[in-house]
Structure formats: C-alpha cells, structure tokens
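The values are calculated or read from the model by the stated rules, or taken from the named source; none is laboratory data. This structure is a prediction, so every number in the text was calculated from the model and none was measured. We place every Cβ from the backbone using ideal geometry, glycine too, and count neighbours over all the protein chains shown. Note: accessible area is taken over every heavy atom of the protein model, side chains too, but ligands, DNA and RNA are not part of it. Shrake-Rupley method; radii C 1.70, N 1.55, O 1.52, S 1.80 Å.
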Amino acid sequence: MDEHQVASLLKTSELFPLPKGVKLSYGTAGFRADATVLESTVYRVGILAAVRSIKLQSSAVGLMITASHNKVSDNGVKVADSDGGMLSQDWEPFADHLANVSSSQDLVSLIRDFVEKEKVPVGEKFAEVWLGRDTRPSGDLLLQAAKEGVASITGSVMFDMGILTTPQLHWMVRARNKGLNATQNDYFEQLSSSFRCLMELIPSGSGSKFDGSQRKLLVDGANGVGGQKLEDLKGSLNNLVIEIRNTGKDGGVLNEGVGADFVQKEKVVPSGFGSMDVGMRCVSLDGDADRLVYFFIPSDSTGNIELLDGDKILSLFALFIKEQLSVIDTERKYSRLGVVQTAYANGASTNYLKNLGLDVVFTKTGVKHLHEKAAQFDIGIYFEANGHGTILFSETLLSWLESKQKDLATTAKGSEELKAVSRLVAMSKLINQAIGDALSGLLLVEVILQHMGWSIQKWNELYKDLPSRQLKVKVPDRTAIVTTEEETEALKPPGVQEAINTEIAKYPQGRAFIRPSGTEDVVRVYAEASTQEKADNLAKSVAQLVERFLGSKIVPSES
Ligand code: G16
C-alpha cells in the first residue's frame, strides 16, 4: 500500500469512529446490530468489499445493507462474493478484526498486513463494488458510510443499485461476473420468462384443475422490500393472481407481527390476514425477501395456522425434480440429486425425503454452509426450516441438459422426455443460483402446484410435521454455549447437555437442542415431541436449563 492509500484510509476512518463497547462478529450472515452503532462497521465493510474485489482480479463484489428477519431498528451488512454467494468463509476472521479494531492507525496496519499476506494488488488493480439496501429508514446513512469505505480504496468503482431484495443483489453480482446483463429489469425478465415457460409445460389435465380462485395467492410482504418488488413483477406473470398485503406502504412496521420469521416461529395468523382468508393459499416473505413460508388458515382456526415451512417447500421441489429425472435419466447416471437440511428440519420431513430415496445431508445453521454442501451434487436442494434455501444445478448437468434439449427438439418434438428436460432447464433459470430467494421460490412453488393440480391442503398432506416449538433466551454471553458441528449437542457449558438429555428422555419422540444465534444476541432453543403441548413443555424446560446454566431470561420470540 502506498502513502496515498494510507492517507486516504486515515482520513476517512476518522469520520467513522468505532462506538465504545461495540464488539461485532460476522456471524451467520454478516454483521447485525442496532443501526445507531453500525456506521463504522458498514464503512469498514466497504473497505472489505473493495479489497475482496481486487483480490478477485476486479470481479464485481456486492455489499448489501439489510437485516432480514430482525426488528426495524436493527440493521445489517454483508458481502456477496464474486460468484454471487456469501463471502468466502476464509475472509470472515479478517472481517471480524476489521470491524472491531479501534484506532485509525491500527485499522491501517491491519489492512496493510492483510493485503501483504494475501498478496492483494491494492493500487495496481481497481475494485468494483455493487451496493444495495433494504427499506429500513437507516439505510440512507449506512449507504453513505459504505460508499466512503469503498471509495477509500484507490481506484474503486461502485454501482449503487438502490433499494433491492438481498437475493436481487446476489443475483446481479453473479450475472455481472458471468458477463450477463445484470440490471433489475434483467432479473425480472429472467424470472418471468422462465416462469411462463414452465407454465406452458404444465400437463393440460393438471393445469385445468386450477380454477379462478385457486390461481389466487395472498402474499404477506413483511412490510419490507419483497412485496414492493413483487408488485413490479406480477404484471408479467401469467395464470397467477397475486394479492400483496403488508407492503409497508400503509404504515405497517417491518417484521412486526408479520413476515416469514414471525409466521414460522409463532405459527399464528399474521396482521393483515383473517377469517376472510380461511383456506386460501398464503405465503409470507421476510424483511429482505430471502425467505418464504406458506400457510393457510384452517376453518376451525382460533388464530392458529397450518404452516408449510422450508422443509415442505424442499419436499415439493424434490418430488417435482425426481419426477422429471425419472423420465430423462432412469439410471441416474448424470444427475445425482441431494438435499441439505439443518438440525431445525422437522424429523418428519427428513423421514419423508429419505423414503423418497434421496441423499439427505446435514450442516450447521447458515445458508453459507448449506450452499457449499448442495454444490457437491448435480442437483442440490437446500432449505432451512425457516424458509431460506434454493436449488443448485451443476454446470456439468446444465450443459448435459441443454445439449439433450437441443437434440430432442429435432428428434423427439412433443415427447415427454423433451418436456421434462425443458422443465429442468427453465427451473434452473427461475430459481436463484446464487442464494435463497423468496420471489423466485414462490414462483416455482406456484408452478409446481399447478403442474400437480394440487391445492395447498393437498400439498400439506405430503407428511405430517412432528409438533415443534422454538424459543429464544437472552443471556449475558451467548458464546458460553459451544456445540458440536451439526449443532445437535452442546459441548459447553459442562453438564448442560446431560441435563437436556434427561428432559428429552421424558417425552415420546422428543428431540431438543440449543445453539447461540449468529444474528441476534440470544440462545435459540428447538424442541420436537409427539404433541404440541409436549413440544411446548420440552422447549420450556430446556430454556429454563439455559437460564440456570447461563443466568438469563426467556424472551418472547417475536421481540
Ligand atoms: C440468516 C442466515 C440463515 C439463518 C438465519 C438465522 O438469515 O442467512 O441461514 O438461518 O440467519 O440464523 P441464527 O439462528 O444464527 O440467528 P436471514 O434471513 O436473517 O439473512
């Protein structure tokens, strides 16, 4: 780093002092904290994104200001790597140091040492950073801090893409680095054209089962960015009537009593929905539209819903893909299909997927872990129960499918084989290859339901979830909990796992675990048992154990 670069960093970092007592970690998916303490972190992530781009030979890298499921005053920032996925985990320790170093001098030394060690040609190559932000009011100020950070690295170029869903920015970065058109219009065009293509491939018998009212989908936009973007997209979709509520335009508060996280954790009707919607197909997005869960309100509802979570979405996708593969690759020579879940996956879903004959693998929480595993299959489907996931198609499989499609288009026009291949090719374009994406995910669910001729109730019957409950517990220091790799057992504090095991043993089909959240300052508790009451009781007693071992308070999960 030359003198000019050092001077630029010293000057700008003085503008963004680290607030006293703030200690942040890159965590499950970027830095998250109250927006009032995050300016210095966002500035530093601007530097990180620029340095990362230079390391990757000036490939585009994304910087997203968002906080997804967290409350409105929280905000977060993360980097989209050049492949459109999450920041390479090798760089997370540097990100942590960068966010927490206190003086400007130390900041410069840290960057200098890192670029030397990693041989990053700062000053020789330029950086390209794409910026996006969500609808939180704090976004403007934080965006300015991000821009200062990027600009403090010599020769940086940046593109401010404005308000976006998180997956849109990831998609754009990926497209840009593949030399494709990468604007918001290109994103909408890819989603709507592949959706139309899949709709045209629906067998006539099944499609016709969908009468006018079944074509209607009610969307809970979490008062975030997703509903607003879907409003822009829906005009170019055929055979689907979308009614969007909780768009945030009528004064509703982001994630307050609405959205995928609320619906999945609380299993109750979100604001804006009620008795007039009984039996209708509904979907909830989260605040930045990278998660989706479906639900319907049963006729005897007293505020409760029937939830179709990420596991059920995964199962629907798996079934559809398996059906197409059975037509084109009977011996499964070319298409190893696998699914990836976490400890939060409902036990009933795992059994269902295994009974379908699929490879089911587990990783710890965080889509960065699931994505990595899914990429090892020809088609890898990953979903967290909270609705975060996507489907990855390997390059090898895609070229095989595309050449097969070309051949069949001349030799076997109109054949079932051609239709199945064409469905998979269109699916690979519809579903976001960079990251979980609620908009593309819901379009795929909708097209598959029409393909099957299924109502949401019929889809729900694929398997019956084991009753479960999630709680969160506020603790003085959540890092006191250390778990095994798959997060199903606690290694620390000593004795806590034995105590949890004793509780589990009291419940038929009992399963429970604890883990520190990587996005909130809480410990999460998950429990499953044979009845809802038993799952609730098991979760409560495990939460009390956390309280006893760590000195803490159980907090309502929506707060
Ligand atoms: C992020 C991650 C998800 C993870 C979730 C909760 O989601 O991308 O993979 O499941 O946080 O993580 P934790 O339990 O560690 O708090 P999002 O939608 O908030 O970006």
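Details
- Candidate set: region 463-483, residues that are surrounded by fewer than 17 Cβ atoms within 10 Å (Cβ to Cβ) and at pLDDT 95 or above; chosen: the one nearest to Q214 (Cα to Cα): K464
- Residue in region 429-436 that is more than 22 Å from V173 (Cβ to Cβ), among the β-branched types (V, I, T), more than 16 Å from the ligand (Cβ to nearest atom) and at pLDDT 95 or above present: no
- Of the criteria (1) within 16 Å of the ligand (Cβ to nearest atom); (2) open to solvent by 10 Å² or more (accessible area, probe 1.4 Å), which one K406 fails: (1)
- Residue satisfying condition, being farther than 22 Å from D311 by Cα, crowded, with 18+ Cβ neighbours inside 10 Å and either hydroxyl-bearing (S, T, Y) or away from the ligand (no atom under 16 Å from the Cβ) (or both), within set A412, A348, A420: A420
- Qualifying residue in region 320-328 (condition: within 16 Å of the chain's Cα centre (by Cα) and open to solvent by less than 20 Å² (accessible area, probe 1.4 Å)): no
- Selection of strands (runs of 3 or more DSSP E) fully inside region 156-257 by the criterion of at least 1 residues being over 23 Å from the mean Cα position of the chain (by Cα) and buried (at least 16 other Cβ atoms within 10 Å of the Cβ) returns 156-163.
- Considering residues of region 504-519 that are open to solvent by 30 Å² or more (accessible area, probe 1.4 Å) and among the charged types (D, E, K, R) only, the residue farthest from the chain's Cα centre (by Cα): K506
- As a summary of the residue check, V293 satisfies the conditions (1) of a type in the set (V, I, T); (2) without any contact (Cβ under 8 Å) to a residue 12 or more places away in the chain; (3) not assigned by TED's automatic domain parsing to the domain that holds H451 except for the one numbered (2).
- Neighbours by Cβ (under 7 Å, 6+ apart or cross-chain): first from region 425-436, more than 13 Å from I381 (Cβ to Cβ); second in a loop (DSSP other than H, G, I, E, B) and open to solvent by less than 10 Å² (accessible area, probe 1.4 Å): A434/G84; A434/G85; I435/G84; I435/G85; I435/D290
- Count of region 351-376 residues which are within 16 Å of the ligand (Cβ to nearest atom) and part of a loop (DSSP other than H, G, I, E, B): 5
- Qualifying positions in region 64-123 - open to solvent by 40 Å² or more (accessible area, probe 1.4 Å), in contact (Cβ under 8 Å) with a residue 60 or more places away in the chain and closer than 26 Å to A374 by Cα: D83, Q89
- Cβ pairs under 8 Å, 6+ apart, first in region 368-382 and among the hydroxyl-bearing types (S, T, Y), second modelled with pLDDT under 95: Y382/V367
- Residue satisfying condition, being at pLDDT below 95, charged (D, E, K, R), within 16 Å of the ligand (Cβ to nearest atom) and under 21 Å from D290 (Cβ atoms), within set K78, K71: K71
- Screening region 492-521 for residues that are touching a Leu at 6+ places or on another chain (Cβ under 9 Å) and within 16 Å of the ligand (Cβ to nearest atom) and picking the one that is farthest from V367 (Cα to Cα) gives A512.
- Checked against (1) crowded, with 24+ Cβ neighbours inside 10 Å; (2) closer than 17 Å to R174 by Cβ, S58 passes all but a single condition, namely (1).
- The set of residues from region 522-550 being more than 16 Å from the ligand (Cβ to nearest atom) and not in a helix (DSSP H, G or I) comprises E528, A529, S530, T531.
- Those residues of region 377-395 which are in a loop (DSSP other than H, G, I, E, B), of a type outside the set (A, V, I, L, M) and within 15 Å of the ligand (Cβ to nearest atom), in sequence order: E384, N386, G387, H388
- Residue match in region 20-41 (condition: open to solvent by 60 Å² or more (accessible area, probe 1.4 Å) and at positive phi): yes
- Taken together, the criteria exclude G357 from residues that are open to solvent by less than 10 Å² (accessible area, probe 1.4 Å) and either in contact with a His (Cβ under 8 Å, 6 or more places away or on another chain) or of a type in the set (G, A, S) (or both).
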